[in-house]
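One structure is given here, and the rest of the page talks about it.
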Amino acid sequence: MQSPTLIPKKNWYVLSLLLFSMLMVVSCDSDTSSEEATDTETAETEMAAVPQEADWYAYGKDQTNQRFSPLNEINTTNVANLKKVWDFELNNSEVQECTPIVIDGMMYVTTGSGPAYTYGINAKTGEKVWTKAFQVPDDVARFACCGISNRGFAYQDGKLFVGRLDGKMTALNAKSGEELWTTEVVDYTQGSVITSPPLVVGDVVLSGFGGGEYGAVGYLSAYNINTGERVWKTMTTPESVADTWKGESWKTGGGVPWYIGSYDEGTNTVIWGTSNPSPWDASMRGPDNSDYGDQTNLYTAATLGVNPANGEIKWYYQTTPYDAWDYDGVNELVLADIQGQPAALKADRNGFFYVINRSTGKLISAEKFVDVNWAEKIDLETGRPVEDPKYRLTKTNTVSAVFPSFMGGKNWQPMAYNPQTGMAYIPANNIGMDFKATETEYKRGYFYLGTEWNMVYNDKTPGEYIAWDVANQKKAWSKPLQFPIPGGAATTAGDLVFFGDLTGTFYALNAKTGEELWSTKTTSGVGAAAMTYAIDGKQYVAVVEGRPTVIPGFVGGEMGENMVNATPAGGKVLVYAL
């Protein structure tokens, strides 16, 4: 608004006319400014880069999270000729978990520690175009259970969206890196940092946050992409399902949607996983045995189908009802059509591979993809696990060698699905645990677990890359790996699977047979997921290196030490081409 003009004293009639004229001018100026702002915003949106098939425009390539690219210039016949064409120093040596995204020749990358830095990079040459640094509070690390990481951007209409460890989400101009808006998603001091990319659906951007180990109150929320104004908020442990909890334990019950969501355009449904309940000691949330009945602790360790317009929960499927093992249910939902059915695929931490009808949330099939002994099977009629009570932790039952451990048959590192082979490529873990109950009480911002553990191993290698025949629910092939939590996968129409591991090796395997066709050494370990893109018809493959330190601490013992010591800390984008 314009500053008021000083008007000499005159008669009230003249003064009134002057004031009226001024108000009209200000009103007209205001309307004009509003119209000009709207016109500018519309023009910028119309000029914004539109993702193409050769791009990798979202964390999972697109909103299906298949991580499948139709590119095939690099294929089984020539992948052995891959060479590094450029790399980019991130100036951050914390854990790096970002999947770069590429739109219209530009690559966008986030680093660990906040993110400390975000970059716009020429995806053809590796030349830096812009940098945006963030300052986050010094105390965020104590509220981040599993590492001060960031997994990347979301994109829409020329804007980049990134979640932050301080519980905020920021929108940037994709061309310049200029900050457009910042909004608070959650108060991070309850133990709720944001480490994963948001999901954009139309004109709203959705985000969850962490806190399943802190007794955080979980919810999913949506924001206007242009203003950052909150549109809706949906509780994931709401009072409406309090009868599935013991007493008022739902109020500190976890169930946070901290990882990534998927979007099914056909049914206009966002599909998102929720975390473990809090505390890990289930007896504080329900009965101290496997006969839990209706006390399943909704909506924890589950998959939710949500209306992106208003946040309404359309359906849910709970993979681990009344969880007692920290079988976090957040793993990505990969959307694909399987034998004519619209499906959502999930390699759950509890060791079962689920095929769920993504229109209804009804279970289609579930089979073990790693060694599992806590449950015999999943009952297809009820959708519930058939538990072996011997392996449920209670106050009086200390568990020995339950498989899998809370590291999961698969952790957060994303799998890929190739519709040409019909296989999912799973970064799997073969680790069990001894589990013991301890005393705990809720204290805001502190771990709320009530357990102690020790990792145990069987005759299989701790890490394994598994090709899973989805239609037939069986293993097609696998590659043994020295360490657990290998990096996430990308797969292509060139019949290839790309991934890295904590030994600092980046691989290309034959997607049909598992044969290793190419590998190269990286400086640091790789826990992030691979991706691929093309510019001017030339295909590139990229991954970010930078090994973890906190997760190996949870593994503990000699294995945890070896995971850290295998490679030095690092932080680089590595890009390869023929």
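Within the range 216-234, the set of residues being touching a Pro at 6+ places or on another chain (Cβ under 7 Å) and either assigned to a loop (DSSP other than H, G, I, E, B) or modelled with pLDDT under 95 (or both) comprises just one member, G218.
Condition first: among the polar types (S, T, N, Q) and open to solvent by 10 Å² or more (accessible area, probe 1.4 Å). Now tell me which residues in the range 395-410 satisfy that. Break it down into steps so the answer makes sense when it comes.
Here is the first cut: in the range 395-410, the residues among the polar types (S, T, N, Q) are 396-398, 400, 405.
Correct list: T396, N397, T398, S400.
Among residues of the range 283-328 being small (G, A, S) and under 28 Å from N268 (Cβ atoms), the one that is farthest from the chain's Cα centre (by Cα) is A309.
Is it true that some residue in the range 106-115 is open to solvent by 10 Å² or more (accessible area, probe 1.4 Å), closer than 18 Å to Y540 by Cα and not in a loop (DSSP other than H, G, I, E, B)? There is at least one residue in the range 106-115 that is open to solvent by 10 Å² or more (accessible area, probe 1.4 Å), closer than 18 Å to Y540 by Cα and not in a loop (DSSP other than H, G, I, E, B). Of all residues in the range 235-276, those being open to solvent by less than 40 Å² (accessible area, probe 1.4 Å), out of contact with any Pro (no Cβ under 9 Å at 6 or more places or on another chain) and in a strand (DSSP E or B) number 2. Annotation: D62 fulfils all but one of (1) modelled with pLDDT of 95 or more; (2) of a type in the set (D, E, K, R); (3) open to solvent by 70 Å² or more (accessible area, probe 1.4 Å); (4) within 29 Å of the chain's Cα centre (by Cα); the unmet one is (3).
Residues satisfying the criterion are absent from the range 503-520 (criterion: under 30 Å from G254 (Cβ atoms) and either in a loop (DSSP other than H, G, I, E, B) or open to solvent by less than 40 Å² (accessible area, probe 1.4 Å) (or both)).
Out of curiosity, is Y417 open to solvent by less than 10 Å² (accessible area, probe 1.4 Å), aromatic (F, W, Y), in a strand (DSSP E or B) and modelled with pLDDT of 95 or more?
Numbers: open to solvent by less than 10 Å² (accessible area, probe 1.4 Å): no; aromatic (F, W, Y): yes; in a strand (DSSP E or B): yes; modelled with pLDDT of 95 or more: yes.
No, not satisfied.
Among residues of the range 374-390 being free of Cβ contacts under 8 Å to residues at least 40 places away in the same chain and not aliphatic (A, V, I, L, M), the one that is farthest from N411 (Cα to Cα) is E381.
Here D29 clears all of (1) open to solvent by less than 70 Å² (accessible area, probe 1.4 Å); (2) modelled with pLDDT of 95 or more except the condition numbered (2).
A quick yes/no check of all residues on (1) among the acidic types (D, E); (2) part of a loop (DSSP other than H, G, I, E, B); (3) under 14 Å from the mean Cα position of the chain (by Cα):
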{"residue": "I74", "(1), (2), (3)": "no, yes, no"}
{"residue": "K84", "(1), (2), (3)": "no, no, no"}
{"residue": "D87", "(1), (2), (3)": "yes, no, no"}
{"residue": "T99", "(1), (2), (3)": "no, yes, yes"}
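Of all residues in the range 433-480, those satisfying the criterion of being among the hydroxyl-bearing types (S, T, Y), closer than 30 Å to K395 by Cβ and surrounded by 14 or more Cβ atoms within 10 Å (Cβ to Cβ) are T440, Y442, Y446, Y448, T451, Y457. Candidates in the range 168-215 are the residues that are in a strand (DSSP E or B) and of a type in the set (V, I, T); of these, the one that is most open to solvent (accessible area, probe 1.4 Å) is T182. The residues of the range 191-219 that are within 23 Å of Y327 (Cβ to Cβ) and acidic (D, E) amount to a single one, E213.
For the range 426-451, a tally of residues being part of a strand (DSSP E or B) and within 30 Å of G60 (Cα to Cα) returns 5. Suppose the filter is open to solvent by 10 Å² or more (accessible area, probe 1.4 Å) and either aromatic (F, W, Y) or in contact with a Lys or Arg (Cβ under 9 Å, 6 or more places away or on another chain) (or both); does K362 pass it? Against the criterion (open to solvent by 10 Å² or more (accessible area, probe 1.4 Å) and either aromatic (F, W, Y) or in contact with a Lys or Arg (Cβ under 9 Å, 6 or more places away or on another chain) (or both)), K362 does not qualify. Scanning the range 148-167 for residues that are in a loop (DSSP other than H, G, I, E, B), open to solvent by 10 Å² or more (accessible area, probe 1.4 Å) and not charged (D, E, K, R), we see that the one that is nearest to G114 (Cα to Cα) is I148.
Taken together, the residues in the range 120-143 that are touching a Gly at 6+ places or on another chain (Cβ under 8 Å), buried (at least 19 other Cβ atoms within 10 Å of the Cβ) and among the aliphatic types (A, V, I, L, M) amount to 2.
The values are calculated or read from the model by the stated rules, or taken from the named source; none is laboratory data. Just so you know, these numbers come straight off a predicted model, no measurement behind them. When we count neighbours, we look across all protein chains shown, and the Cβ atoms used for this are built from the backbone with ideal geometry, even at glycine. Keep in mind that these areas ignore ligands, DNA and RNA; they rest on the heavy atoms of the full protein, side chains included. Shrake-Rupley method; radii C 1.70, N 1.55, O 1.52, S 1.80 Å.
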